[in-house]
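Only one structure is covered here, and it is reproduced in the block below.
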Amino acid sequence: MSPFHHILSLIGLSLATFLIVLDYTVANVSIPYIAGGLSVSTDQGTYVITSFAVGNAIALPISGWLTKKIGDLRLLLTSLALFIFCSFLCGSAFSFPWLIISRFLQGIVAGPLIPLSQSLLIATNPPEKKNQVLAFWSAVVVAAPVLGPFLGGWISFNYAWPWIFYINVPFGLLALLLIGYTIHRPRNSSDKEPFTDWMGFTLLIFFVTSLQVALDKGEQFDWLGSPFIRLLAILCVVSFTYLFVLEKFHSKPLISFQFFSIPSFTSSLLLMGIMYAMYFGSVVLIPLWLQTSMGYDAIWAGIAVAPIGLAPLFFSSFVGRFVGRCGAIKPLILCFLFFALSCFYTAFFNTDINLTIVWISRFLLGCGLMFFITPLFILSVQDIEEHLLPSATGIFHFVRALSGGIGTSLFTTLWIRRTIFHHERLSSALTTTNPLAQEFLEQCDSHRQESLALMNTLVDKQAAMLSLNDCFYCMGWIFLLLLLILPFARGKTRSREITIQKNV
């Protein structure tokens, strides 16, 4: 391709990836609007998020087999066209069950798009440019979840919730035209071998569905205190156990566990799972705290976290050259240190902070994001044979998709539980024997009920702040402890790593 066509293909593939990742979070702050528009409760409305995540996670592991069957470019164009159609179905949903079905189908057809866009970027760019374009693509992947809540809230507030899905149609068509016009791949003979691991696929559906629903509804139903959550947990463990045993001995498994004997691949999955979970936890907690405790609306909460995407967007070319020169380990060390610095900085927030303080914390996190996806992807494939790359990248993105939901549920639950804990500790000191509390009540003696309500509001605000500090303090130490995994993540040789970066 000419340089101009390279740029157009990069824009098309990045735009398609942006739309898919954006749909993970664009509906988060729009749930009240969707629930009100379709006459359901807000708790039921959260299934709009769950259904998309389940469908997406189910489709990712079979991306490798579909690629062999159809071809990478044809599969990507087909998936993107179906994603546009399903987005239209979501926006035009006339009932809540129809919206859930449409979102589930949207998640399924979107599954192959992220690994395929990544592999096509590698295949269609010269070796000296691959790290740079991957770094730019990675910046898109990490920036989209940040823009999702802001964009979803702004559209739902100023227009109507269906437009958070309709917006995919024109931009999806633009991406479809750019990719179809610029990328031309030889049509290889399709793999005639039928899909045989239907039992493994069924177990995968049970595992992903039970895990995702349990994570999304756990806090609402008191986790293992609920028979429903216990049933889902048992189903999740049993289905995963049978899936592991079946895939281990299947001649042509859906998920090949032979990759887990490779230290670099296993380490990259472990790092991806933990890091992406904490990243999503951070992305969710800050806007949630700003809106529930600090009086921000959805638009200003989005503006507050927007600097997270600045560093990855403007310095992606530098990251690509740095990774190509130094390998994957050194950039990951910088990633952990920036993440830890951002978390420890956030752990000292108080209720008097201004927007600039939030911007600084998010910018520091964005500096870590520069060295996040690209080094991990290179690390995951550096010891994988070329014919096994589609299956390996499918597993890599499957872990990424699952860990986002896990991180959101775990850290949201931790924040709520620690808020209750700190509320109890703070309120226990506000008694009539406390001279400050007594003075406050005496000043408002004529409006005692209002003063008690005001005092409780202040305690709620401080408890939420202290709980947020606890969560980010925990994240900071976890990021530092991840440095201990890196010695086990090195490839077989440095020359092997450089060869994979050039020829993957």
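The values are calculated or read from the model by the stated rules, or taken from the named source; none is laboratory data. Everything numeric here is computed off the predicted structure, so don't read it as measured data. No Cβ is skipped: glycine too gets one built from the backbone with ideal geometry, and neighbour counts run over all protein chains shown.
Here are some notes:
- Verdict on I333 being surrounded by fewer than 17 Cβ atoms within 10 Å (Cβ to Cβ), of a type in the set (A, V, I, L, M, F, W, C) and modelled with pLDDT of 85 or more: yes
- Residues within the stretch 72-114 that are more than 19 Å from P61 (Cα to Cα) and of a type in the set (S, T, Y), tallied: 4
- Among the residues examined, A27 qualifies as in the same structural domain as Y181 (by TED's automatic domain parsing), surrounded by 22 or more Cβ atoms within 10 Å (Cβ to Cβ), within 16 Å of I155 (Cα to Cα) and touching a residue at least 12 places away in the same chain (Cβ under 8 Å).
- Hey, A27 assigned to a loop (DSSP other than H, G, I, E, B), out of contact with any strand residue (DSSP E or B) (no Cβ under 7 Å at 6 or more places or on another chain) and closer than 21 Å to L215 by Cβ or not: yes
- For the criterion of being in contact (Cβ under 8 Å) with a residue 24 or more places away in the chain, surrounded by 20 or more Cβ atoms within 10 Å (Cβ to Cβ), under 24 Å from S2 (Cα atoms) and under 21 Å from the mean Cα position of the chain (by Cα), Q118 passes.
- Residues within the stretch 283-309 that are assigned to a helix (DSSP H, G or I) and either at pLDDT 85 or above or more than 30 Å from L484 (Cβ to Cβ) (or both), tallied: 18
- Qualifying residue in the stretch 340-357 (condition: more than 21 Å from S14 (Cβ to Cβ), of a type outside the set (S, T, Y), in contact with a Ser or Thr (Cβ under 6 Å, 6 or more places away or on another chain) and in a helix (DSSP H, G or I)): no
- Residue, modelled with the highest pLDDT, within the stretch 72-88, restricted to residues that are farther than 21 Å from V169 by Cβ and buried (at least 20 other Cβ atoms within 10 Å of the Cβ): L73
- Evaluation of A429 against the conditions (1) modelled with pLDDT under 85; (2) part of a loop (DSSP other than H, G, I, E, B); (3) crowded, with 18+ Cβ neighbours inside 10 Å shows that the sole unmet condition is (3).
- Among the residues listed as S14, S39, the single one being modelled with pLDDT under 90, outside any helix (DSSP H, G or I) and either assigned by TED's automatic domain parsing to the domain that holds V140 or crowded, with 23+ Cβ neighbours inside 10 Å (or both): S39
- Against the test of being in a helix (DSSP H, G or I) and either free of Cβ contacts under 8 Å to residues at least 12 places away in the same chain or under 30 Å from I378 (Cβ atoms) (or both), the options F259, F221 yield a single qualifying residue, F259.
- Scanning the stretch 203-257 for residues that are under 20 Å from F396 (Cα atoms) and among the charged types (D, E, K, R) turns up E247, K248, K252.
- Residues that are modelled with pLDDT of 50 or more and surrounded by 19 or more Cβ atoms within 10 Å (Cβ to Cβ) within the stretch 477-504 comprise F479, L482, A489, G491, listed in sequence order.
- T196 β-branched (V, I, T), surrounded by fewer than 16 Cβ atoms within 10 Å (Cβ to Cβ) and either modelled with pLDDT of 85 or more or assigned to a loop (DSSP other than H, G, I, E, B) (or both): yes
- For the stretch 338-357, a residue qualifies if it is of a type in the set (A, V, I, L, M, F, W, C) and buried (at least 17 other Cβ atoms within 10 Å of the Cβ), and the qualifying residues are F338, F339, A340, L341, C343, F344, A347, F349.
- Restricting the stretch 229-277 to residues that are at pLDDT 85 or above and small (G, A, S), the residue that is farthest from the chain's Cα centre (by Cα) is S239.
- Matching entry among V208, V245 (being more than 25 Å from G107 (Cα to Cα) and not polar (S, T, N, Q)): V245
- Residue list for the stretch 281-295, restricted to those being of a type in the set (S, T, Y) and surrounded by 19 or more Cβ atoms within 10 Å (Cβ to Cβ): S282, S293
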